[in-house]
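Here's the structure, in structure tokens; my notes come after.
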Amino acid sequence: MRPSKAKRSFEYASRLIDCEISTPFPVAYLEETSGFGLKNSYYVSEHIDYDFEFRALIHNPKYPKREEILKQFARFTFKLHENNINFLDHSPGNTLVVKTEQGYKFYLIDLNRMRFENMTFDKRMHNFRRLWLSKTMIKVIAEKYSELYKKPYQETHDLMLKHSMAFQHKINRKKLRRSGRKMQFGTK
């Protein structure tokens, strides 16, 4: 039987901290069971006073120091990948950003979907797909990531763009199908 989301979040947070990847400190988890199995589960972590979510960089192309933040985010994600962490929910709302005197610190949240596995180049670029990056953001992140990974920029950029665009098209098609069904059948 698969561990509860709360237990996975607690255990994954501990592993991230062991790898020096920032996440709110895990305090506890609780599982409520009945005769039929797991009923509810709860995960408790430290509260982080963050300045913004990664999502702010997507919605505001003129965000102050956006390019520098993206470069530091590329470094953060590279460290994640170097530690063989595949954060399956690497999306705009699951990274909190704190401005520090040294730059920016990134905290991962919503941790229950991760794999600890060898991160090939393709898996690394695929891991960026859910972030909903613009072409400009991809250019900045790919430039920094390729430098860190010692891979040609164009190869890094093209694969990151391919995975990002495929994901965005997939989500947009789903939205279009759903809106078509609502129009066709009507909703109340």
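Readers should treat all values here as calculations from the given coordinates under stated rules, not as data from a laboratory. None of these values were measured; they are calculated from a predicted model. Backbone-built Cβ (ideal geometry, glycine too); neighbour counts: all protein chains shown.
With +1 on each Lys and Arg Cβ and -1 on each Asp and Glu Cβ, how big is the dipole of segment 1-52 about its Cα centre, in debye rounded to the nearest 20?
420
Would you work out which of 166, 132, 80 lies farthest towards the positive end of the dipole of segment 49-175, given +1 charges on the beta-carbon of Lys and Arg and -1 on that of Asp and Glu, about the Cα centre?
166
Using the count of nearby Cβ atoms within 10 Å as a rough guide to exposure, how do 136, 95 rank from fewest to most?
Exposure proxy ranking, most exposed first: 136, 95.
Given 20 °C and 1.002 mPa s, how large is the Stokes-Einstein diffusion coefficient of segment 1-44 in µm²/s, with Rh as the Kirkwood radius over Cα pairs?
Estimated diffusion coefficient is 193 µm²/s.
Need one word for segment 97-148: rounded, prolate or oblate. Basis is the Cα gyration tensor (sqrt eigenvalues a ≥ b ≥ c); a/c below 1.5 gives rounded, then a/b vs b/c decides.
Oblate.
Restricting things to Cα coordinates, could you compute the convex hull volume per residue of segment 35-188 in Å³?
Output value, Cα hull per residue: 188 Å³.
If you keep only loop residues by DSSP, which GluC sites (Glu not before Pro) in segment 46-148 have at most 12 other Cβ atoms within 10 Å of their Cβ?
Passing sites in segment 46-148 are 46, 101, 117.
For segment 66-127, what Kirkwood radius comes out of the mean inverse Cα-Cα distance, in Å?
Hydrodynamic radius (Kirkwood, Cα pairs) of segment 66-127 is 12.3 Å.
Find the Cα radius of gyration of segment 118-159, compare it with 2.2 N^0.38 Å by division, and give the number to two decimals.
Computed over Cα atoms of segment 118-159, the ratio equals 1.05.
Considering only the other residues whose Cβ falls under 14 Å of the Cβ of residue 33, what net charge follows from Lys and Arg at +1 and Asp and Glu at -1?
Net charge around residue 33: 0.
In sequence order, what are the phi-derived ³J(HN,Hα) couplings for segment 51-64 according to the Karplus relation 6.51 cos²θ - 1.76 cosθ + 1.60 with θ = phi - 60°, rounded to whole Hz, with x for glycine and proline?
7, 6, 8, 3, 3, 4, 6, 6, 7, 10, x, 9, 4, x
Evaluate the charge dipole of the chain about its Cα centre and quote only its size in Debye, nearest 20, assuming +1 on the Cβ of each Lys and Arg and -1 on the Cβ of each Asp and Glu.
It comes to approximately 1340 debye.
Nearest 20 debye, what's the magnitude of the dipole of segment 109-169 about its Cα centre given +1 on Lys and Arg Cβ and -1 on Asp and Glu Cβ?
Once rounded to the nearest 20, the dipole reads 80 debye.
Select from 26, 106, 59 the residue farthest towards the positive end of the dipole of the chain; place +1 on Cβ of Lys and Arg, -1 on Cβ of Asp and Glu, and compute about the Cα centre.
59
How much length, in nm to one decimal, is gained on full extension between residue 116 and residue 151, taken as 0.36 nm per residue of separation minus their Cα-Cα distance?
Full-extension gain reported as 10.3 nm.
Given H placed 1.01 Å from N in the peptide plane, which residues other than close sequence neighbours of residue 45 have an amide H under 5 Å from its amide H?
27
Loop-only GluC sites (Glu not before Pro) in segment 6-35, please: DSSP not H, G, I, E or B, and at most 15 other Cβ atoms within 10 Å.
Listed in order of number, the matching sites are 20.
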